[in-house]
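The values are calculated or read from the model by the stated rules, or taken from the named source; none is laboratory data. Note that the structure is a prediction, hence the values are computed from the model and not measured. For neighbour counting, all protein chains shown are included, and Cβ atoms are generated from backbone atoms with ideal geometry for every residue, glycine included.
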């Protein structure tokens, strides 16, 4: 019996080659795209799943609530909090802290004649490797960070420094903008083979001199929230039980600090497994939304492919009616027929899955480029892939084959054998509904692509409030480089092609981590507002072309600008404090510190500019001259077309002052463009898969139009004999599909409008949704549909009516 079913299935595939090919191609493309998207989703969900203590490992996050009820969440907290929790709260099994040194994205590592800049340097407590799982190639995870100036390297960095000898117990010089320190290598760990949210590549002991010593000696509970704090819970303890104790714990230790700062501070726990997907701090969007979009696209593409299969299978039902009638007359039960037709469907789906796997492997490099990932079909994960393929095969086979099997097996044998078989009205209606659904998805995706790229174009064209063209950013990675800034500035100013040079701690596009809580004179900390601040050089406003609205700029001829707390504020600061522009200059803003009250005098007001991406509203910001720290960035304004020659001159000037430090630079406008990489990628992904959705839909339309043309052959012949012309017949045959696309447009427009409005809500400065892009998407879908069915329509309209009307 099975052998017989197999023969029939193969014969059907070979007999109707065109329809089989359309079905196979549509399903293969759908399966390939679904597999790629599932691979991406599986990668996104795998972050930190390898952590041995992951089930009980949490990050301590902070929630601030101001007097007016405004909340501000942070993924960090104050230095002493988590270690004190470990001491006092029995629910906490262990704890550790991790610090990305502020303003130091790269450290200079040096051993002998080997020297290079390296990202991912972090300060951690000695307990770090007791919470986080790393494979140690050398050293002891429990003791490697106990001693001051201990250093744990990843294998890649160790081999860059020491070659084949991993360098355990060797001394490495580590330099940042705080100074240079000799550290002893006490451990070597393998690079994580699975993804983690930690951007760490080498680990320095917290109990060291410099920043680590300052952190461990700090007893600030309200401010200085720059510590990433992690803890594990005791077995049987829930995070809710610990969170219930935290308000009293905070009040017990930090009541004075909170009262002085006039803030409400609370803590909550976030599972480490959720950090990558569910974090949305600093104005960034949680990646879970990105994953949901990918999952929806995968489901819709596979569903569209299945719809094609069902439509074409039921449309060709008449050709198998006699077979069904004879089988039923010979005693075949409906269940037997259902199993036969399901088997045929699973055979075709199985071929499509195999073809789809090969296609997915071919498309993987392009998909990686599209998503910015390094996904690969690893042999180690063969079981995962088999489960994914099995799931796709089962779901697709059942989804695509169930309705055709039920439909074909329901034919009445008496009616069929009398030649009176009619496909039910419901089958035709279902086909129309499914075609409408296909084009609803296609139109929504096309509209999404249009709006995303409109928003990105708006971002690129919007005046950000400063000049970014021809602005070169040179980072000052080490303490020596920061110290050499004045001399570097003078050297650079004398280079041909350089218009101006300035310095700053932060340049536009960088998250400003420094802030003060300030209040107006005559008020108190109860009315304080959070104001971010940036330390800049005298020429910063002129070089960045940020206009002054009132007052004056910093002036080198006025010594008090650098010795007293003179500040320049933006319009958002005036709005936060209710200060009129004409009364701003000379106004004092104050803050209460442990050592007393500080008073800052406003000497100028600048126009608001976008320090961050357009996802964020403009925050209150103040600028002042450097006080305790040096600049982290040098900004050079170029005025030459010969950029390579100017860069060579700048590198020469840099090497004269910093011979041991590589010359790095980036262009400010390119840095700003990277802020929207995720949005750009989403647009490209949706655009690519919108094209795939249209391709699969058109394959189905092509097959259905061929079926309709064949079914109406005699009608077309009669109409031609009666005088109908080709144009009339083409319109007649295309009319039904045109109506379906128009219905799809009516349904898709409000759905796309709602979804895109939700996406645009993530921008503080979105474009206005208008009807144009939706009309364009609908017209594009209609044009594509007409183009797809035109071949079959023209072929039928141009056919010889004598052949179609000739008696059999």
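Take residue 448 and decide whether it is buried (at least 22 other Cβ atoms within 10 Å of the Cβ) and in contact (Cβ under 8 Å) with a residue 24 or more places away in the chain. When the stated conditions are applied, residue 448 passes them. Quick one: is residue 477 in a helix (DSSP H, G or I), in contact (Cβ under 8 Å) with a residue 12 or more places away in the chain, out of contact with any helix residue (DSSP H, G or I) (no Cβ under 8 Å at 6 or more places or on another chain) and over 29 Å from residue 783 (Cβ atoms)? For residue 477, the condition - in a helix (DSSP H, G or I), in contact (Cβ under 8 Å) with a residue 12 or more places away in the chain, out of contact with any helix residue (DSSP H, G or I) (no Cβ under 8 Å at 6 or more places or on another chain) and over 29 Å from residue 783 (Cβ atoms) - is not met.
This table checks each residue for (1) part of a helix (DSSP H, G or I); (2) at pLDDT 85 or above; (3) surrounded by 12 or more Cβ atoms within 10 Å (Cβ to Cβ).
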{"position": "716", "(1), (2), (3)": "yes, no, yes"}
{"position": "720", "(1), (2), (3)": "yes, no, yes"}
{"position": "737", "(1), (2), (3)": "yes, no, yes"}
{"position": "766", "(1), (2), (3)": "no, yes, yes"}
{"position": "775", "(1), (2), (3)": "yes, yes, yes"}
{"position": "780", "(1), (2), (3)": "yes, yes, yes"}
{"position": "789", "(1), (2), (3)": "yes, no, yes"}
{"position": "796", "(1), (2), (3)": "yes, no, yes"}
{"position": "807", "(1), (2), (3)": "no, no, no"}
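Applying the criterion of being closer than 16 Å to residue 530 by Cβ and in contact with a helix residue (DSSP H, G or I) (Cβ under 9 Å, 6 or more places away or on another chain) to the residues of segment 609-620, the residue that is surrounded by the fewest Cβ atoms within 10 Å (Cβ to Cβ) is 617.
When residue 55 is tested against (1) crowded, with 18+ Cβ neighbours inside 10 Å; (2) not in a strand (DSSP E or B), exactly one condition is not met: (1).
Residues that are in the same structural domain as residue 546 (by TED's automatic domain parsing), part of a loop (DSSP other than H, G, I, E, B) and crowded, with 20+ Cβ neighbours inside 10 Å do not occur anywhere in segment 493-501.
In segment 486-522, which residues are at pLDDT below 90 and within 17 Å of residue 567 (Cβ to Cβ)? Passing the criteria: 512, 514, 515, 516, 517, 521.
Table: residues versus (1) assigned to a strand (DSSP E or B); (2) within 33 Å of the chain's Cα centre (by Cα).
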| site | (1), (2) |
| --- | --- |
| 523 | no, no |
| 526 | no, no |
| 531 | yes, yes |
| 534 | yes, yes |
| 538 | no, no |
| 550 | yes, no |
| 555 | no, no |
| 562 | no, no |
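Residue count for segment 62-87 under the criterion of being at pLDDT 90 or above and closer than 18 Å to residue 514 by Cα: the result is 7. Identification of strands (runs of 3 or more DSSP E) wholly contained in segment 96-215 with 1 or more residues that are crowded, with 22+ Cβ neighbours inside 10 Å yields 106-111, 121-124, 150-154, 171-176, 179-189, 202-205. The residues in segment 27-52 that are assigned to a helix (DSSP H, G or I) and more than 15 Å from the chain's Cα centre (by Cα) can be counted, and the count is 12.
Scanning segment 146-190 for residues that are closer than 19 Å to residue 130 by Cα and in contact with a helix residue (DSSP H, G or I) (Cβ under 6 Å, 6 or more places away or on another chain) yields 188, 190.
Here residue 198 does not qualify as in contact with a helix residue (DSSP H, G or I) (Cβ under 8 Å, 6 or more places away or on another chain) and in contact (Cβ under 8 Å) with a residue 24 or more places away in the chain. Within segment 264-278, not a single residue is in contact (Cβ under 8 Å) with a residue 12 or more places away in the chain and at positive phi.
Against the condition farther than 25 Å from residue 630 by Cα, within 40 Å of the chain's Cα centre (by Cα) and in a loop (DSSP other than H, G, I, E, B), how does residue 546 come out, does it pass? Criteria not met by residue 546. The helices (runs of 4 or more DSSP H) found wholly in segment 219-316 and carrying at least 1 residues that are within 30 Å of residue 347 (Cα to Cα) occupy 287-315.
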